[in-house]
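*Asks:* Supplied in structure tokens, the structure appears directly below.
Taken together, the values in this text are just the output of simple stated rules run on the coordinates, not laboratory data. Everything quoted here is computed from the prediction, not taken from an experiment. In this analysis, Cβ positions are derived from the backbone assuming ideal geometry, glycine residues included, and neighbour counts consider all displayed protein chains.
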Amino acid sequence: MPDLSIQLGPLKLAVPSLAASGTFGYGGEYGAVVDLSRVGAVITKSLSVKPREGNPPPRIWETPAGMLNAIGLENCGLESFIAHRLPELARLPTNVLVNVVGENIDDYATVCARLAEEGAVAGFEINISCPNVREGCRFSSAPNDCSRLIKTLRPLTKKLLMVKLSPNIADIGELARAAVEGGADALSLINTVLGMAVDIKARRPRLANITGGLSGPCIRPIAVRCVYQAAKACPGTPVVGIGGIRTVSDALEFFIAGACAVQVGTTNYFDPDFLNRFPDELEAWLADEKLASIRDLVGTLKV
Ligand SMILES: Cc1cc2nc3c(=O)[nH]c(=O)nc-3n(C[C@H](O)[C@H](O)[C@H](O)COP(=O)(O)O)c2cc1C
């Protein structure tokens, strides 16, 4: 059978699939419908030092082939996470990555330092790309700020440090390079695409936050393009593709464009079984192609 394992910095994943942050609760909630032992890793909802209430409703709007959300990083905060979430996460039969957000460098550093020695935490995804809060993209607007942040976090942990990038910038290659220069082990992309929808009768925005993040199949071509550009800008750095993946064929586009693993987000809402089917379907496709490993497919785009 083809080998599905991949290496993300210091972390080996048996299957190149991850459940995307914010679409999978804190990580354990889907345990009844998804066999987590067959998912490479789950990523928690974004975690901040202090609890956050998020944005007022309405915070979700369905679009053609996708959805807009402006949840606004609602989460229980670091201390409650450690007391009430971590014990359950420690029992999951998969790797747990904590997605970290902050308003400044100290906030990010506090979360990473506090969780660095927790056995239940396999690594961190550093979210510098939330379009739904005021300071959400502060560290992805200027490459210098991004590398300064990652340089501060790097000495705090030997565990996986993966930086989640935003598509809402002019040059994603430049941002990717800045994260790697700062010491990132891996990159994940993309976060949601900034969007907006209008109720024409009321002449009001559909979301109370006015704008929101677009996700789902409608963003996939943008995501594939970003993965291609980031992988090209940072040869040798593992890239994890995210954006509108709902079939193995969708995921294959990302592998060929340069991703070594993929995250599944919005699909968890309408087809949670996809993560269960993923390893067998991927294995079957690789076997058909006579490929011994998923690694033989990564970055094989012919241009
Ligand atoms: C409702 C919702 C909440 C999200 N919350 C977070 C979050 O807290 N942190 C984060 O880094 N990304 C968050 N995301 C972004 C996803 O992790 C992912 O990057 C994005 O949805 C694109 O992937 P998809 O098209 O497969 O959903 C959220 C997405 C959705 C739809």
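*Asks:* So if I take the centroid of the Cα atoms in region 37-106 and the same for region 191-230, what is the distance between those two points in Å?
*Replies:* With region 37-106 and region 191-230 each reduced to a Cα centre, they are spaced 19 Å.
*Asks:* So which residue, out of S141, S166, S46, gets the largest mean-square fluctuation from a GNM of the chain using Cα contacts under 10 Å as springs?
*Replies:* Of the options given, S141 has the highest mean-square fluctuation.
*Asks:* Give the share of C-alpha pairs in each 10 angstrom bin for region 205-250, from 0 to the last occupied bin, in whole percents, shortest bins first.
*Replies:* Binned Cα distances yield the sequence 24, 38, 27, 10, 1.
*Asks:* Here's something else I'd like to know. So which trypsin sites (Lys or Arg not before Pro) in region 95-178 end up in coil per DSSP with only 11 or fewer other C-beta atoms within 10 Å? Write out the running numbers ahead of the final one.
*Replies:* Values: sites: R114, R134, R138, R148, K151, K158, K159, K164, R177; in loops: R134, K158, K159.
For trypsin sites (Lys or Arg not before Pro) across region 95-178 that sit outside H, G, I, E and B with at most 11 neighbouring Cβ atoms in 10 Å, the list reads R134.
*Asks:* Enumerate by residue number the GluC sites (Glu not before Pro) in region 1-104 meeting two conditions: DSSP loop (anything except H, G, I, E, B), and at most 10 other Cβ atoms within 10 Å of the site's Cβ. Each step should come with its number before you reach the end.
*Replies:* Numbers: sites: E29, E53, E62, E74, E79, E88, E103; in loops: E53, E74, E103.
Loop-located and lightly packed - E53.
*Asks:* Related question: Using the count of nearby Cβ atoms within 10 Å as a rough guide to exposure, how do T192, T267 rank from fewest to most?
*Replies:* On the way: T192 28, T267 22.
Ascending Cβ contact count within 10 Å gives the list T267, T192.
*Asks:* Turning to a different aspect of this structure: Only sites in a loop by DSSP and with at most 14 other Cβ atoms within 10 Å count here; which GluC sites (Glu not before Pro) in region 202-303 make the cut?
*Replies:* The qualifying sites are E289.
*Asks:* Using only Cα atoms, what is the ratio of the radius of gyration of the chain to 2.2 N^0.38 Å? Mind showing how you got there, number by number?
*Replies:* Working: Rg = 18.0 Å, N = 303, 2.2 N^0.38 = 19.3 Å.
With N residues counted in the chain, Rg over 2.2 N^0.38 Å equals 0.93.
*Asks:* Counting other beta carbons within 10 Å of each Cβ, put M196, M67, M1, M162 in order, fewest first. Before the final figure, lay out the partial values.
*Replies:* Details: M196 15, M67 21, M1 9, M162 26.
Going from sparsest to densest Cβ surroundings: M1, M196, M67, M162.
*Asks:* Give me Rg/Rg_expected for region 97-223, where Rg uses Cα atoms only and Rg_expected = 2.2 N^0.38 Å with N residues.
*Replies:* 1.14
*Asks:* Take the cross-link list K12/K159; K164/K232; K232/K302; K45/K164 and give me the ones stretching past 19 Å between alpha-carbons.
*Replies:* none
*Asks:* How do V193, V303 line up, fewest other C-beta atoms within 10 Å first? Each step should come with its number before you reach the end.
*Replies:* Working: V193 21, V303 4.
Final ranking by Cβ density, sparse to dense: V303, V193.
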